[in-house]
Amino acid sequence: MSAQPSRVRSPWLFAVLLAALVVAVQALLVPLFAAPAANLAPRDLPIVVAGPAPATTELTARLAAARPGAFEVTTLPDAAAADRALRDREAYAAFVAGPDGIALHTAPAASPTVAALLTEASAQLSGGRPVPVVQVVPADPDDPRGAGFAAGFLPFALTSMLAGALLIFLVARRGARLLGLVAYAVLAGLAGEAVLHGWLGVLDGDRWLEAGAIGLFALAAAGTVAGLGAVLGRLGIGLGAVLVFLVGNPLSAVSAAPELLPQPWGAVGQFLPVGAGGTLLRAAAFFDGAGAGRSLAVLAGYAVVGLGLVLLGRRSGGGDGRSAAREARAAKVTV
């Protein structure tokens, strides 16, 4: 008789503890998502100062005095060299000193947020006078603020997590899982490019490069979730979701720039799938692939490791319907 009350109370206690656990997770997730967005500021942001030596020395000193630690300055001889650096993604903008004063050359395609920030900063350097702005690598005219690019990239992370999880739960054979991941990546790349470039018009580059960038990201993200799931089961799928989305998304800087996030988180985000994927897609869409080396290597690494884990992991997933049916039949026979 004394054991009965404990059985009645335990579900209530479990429910309260479960609610407390979810709130604790929420308390961690809110600052994880909000803090990077609320603390955007340049931190060692690569920029160029171009022009004759006396003018560039003075301008570099003024930038350092105005915002200590904000900029990583490279000095170049003229505007043509500065523009090449922007097209090669070696810098986000260039302050060009000339006989008529300072001009600002920007690459909004790399980050509209940075371009807007530096446009405001240029007025301070010129004593409040208007500064001519030259857009060397403009953003797509249908998406000048980059909001469509950032919002359009997020669903790829969500659907890739879903694809990786479903392949583990519903497909038993390792080879079939591998085929499913590759098929998903190819189709995701083609469909994503068709929507973002052909339909919405927020991309403006070589369509095959764009499709390849989206497809590689899809393979890396889905392969990570599937690989961890194949080895660790449901726990692995949860870890994959945390890595790809819950941590990777707020640190990705897809809507801003890694150098605007508190460090080292901006740098860390570029070694996670979403951050590397956003950087790779920007390179493909607006810079003919320039500056894509690291993000390409990061995504390829996730894809290879994920596929390898799928190949080495358990043959049947935790949610495989045929396995569950066999277990049910065995239970009936035992009874």
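The values are calculated or read from the model by the stated rules, or taken from the named source; none is laboratory data. The structure presented is a predicted model; accordingly, all values stated were derived computationally and were not measured. Cβ atoms come from the backbone with ideal geometry, glycine included; neighbour counts cover every protein chain shown.
Key figures for this structure:
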item	result
Test result for Leu63, of a type outside the set (Asp, Glu), in a helix (DSSP H, G or I) and either under 27 Å from Leu196 (Cα atoms) or in the same structural domain as Ser295 (by TED's automatic domain parsing) (or both)	no
Flag for Ala109 being touching a His at 6+ places or on another chain (Cβ under 8 Å) and under 16 Å from Val133 (Cα atoms)	no
Enumeration of residues in the stretch 63-103 that are closer than 20 Å to Ala139 by Cβ and of a type in the set (Lys, Arg)	Arg84, Arg87, Arg89
Some residue of the stretch 151-164 being of a type in the set (Gly, Ala, Ser) and either surrounded by fewer than 18 Cβ atoms within 10 Å (Cβ to Cβ) or not assigned by TED's automatic domain parsing to the domain that holds Val195 (or both)	yes
Conditions (1) in a strand (DSSP E or B); (2) out of contact with any helix residue (DSSP H, G or I) (no Cβ under 6 Å at 6 or more places or on another chain); number of the one not met by Pro54	(1)
Pick from the stretch 54-110, criterion among the small types (Gly, Ala, Ser) and at positive phi, ranking: surrounded by the fewest Cβ atoms within 10 Å (Cβ to Cβ)	Gly69
Among the residues listed as Arg174, Arg129, the single one being among the charged types (D, E, K, R) and assigned by TED's automatic domain parsing to the domain that holds Leu232	Arg174
Selection status of Ala191, at pLDDT 95 or above and over 24 Å from Arg87 (Cα atoms)	yes
Residue list for the stretch 122-135, filter: among the hydrophobic types (A, V, I, L, M, F, W, C) and out of contact with any strand residue (DSSP E or B) (no Cβ under 9 Å at 6 or more places or on another chain)	Ala123
Restricting the stretch 124-150 to residues that are in contact (Cβ under 8 Å) with a residue 60 or more places away in the chain and over 15 Å from Trp199 (Cα atoms), the residue that is surrounded by the most Cβ atoms within 10 Å (Cβ to Cβ)	Ala139
The stretch 255-283 residues that are part of a helix (DSSP H, G or I), paired with ones that are β-branched (Val, Ile, Thr) (beta carbon under 6 Å, 6 or more apart)	Pro273/Val244; Ala276/Val298; Gly278/Val254
Near pairs, Cβ below 7 angstrom, 6+ apart or cross-chain, from the stretch 10-28 (touching a residue at least 40 places away in the same chain (Cβ under 8 Å) and within 19 Å of Leu246 (Cα to Cα)) to any residue that is among the basic types (Lys, Arg) and surrounded by 10 or more Cβ atoms within 10 Å (Cβ to Cβ)	none
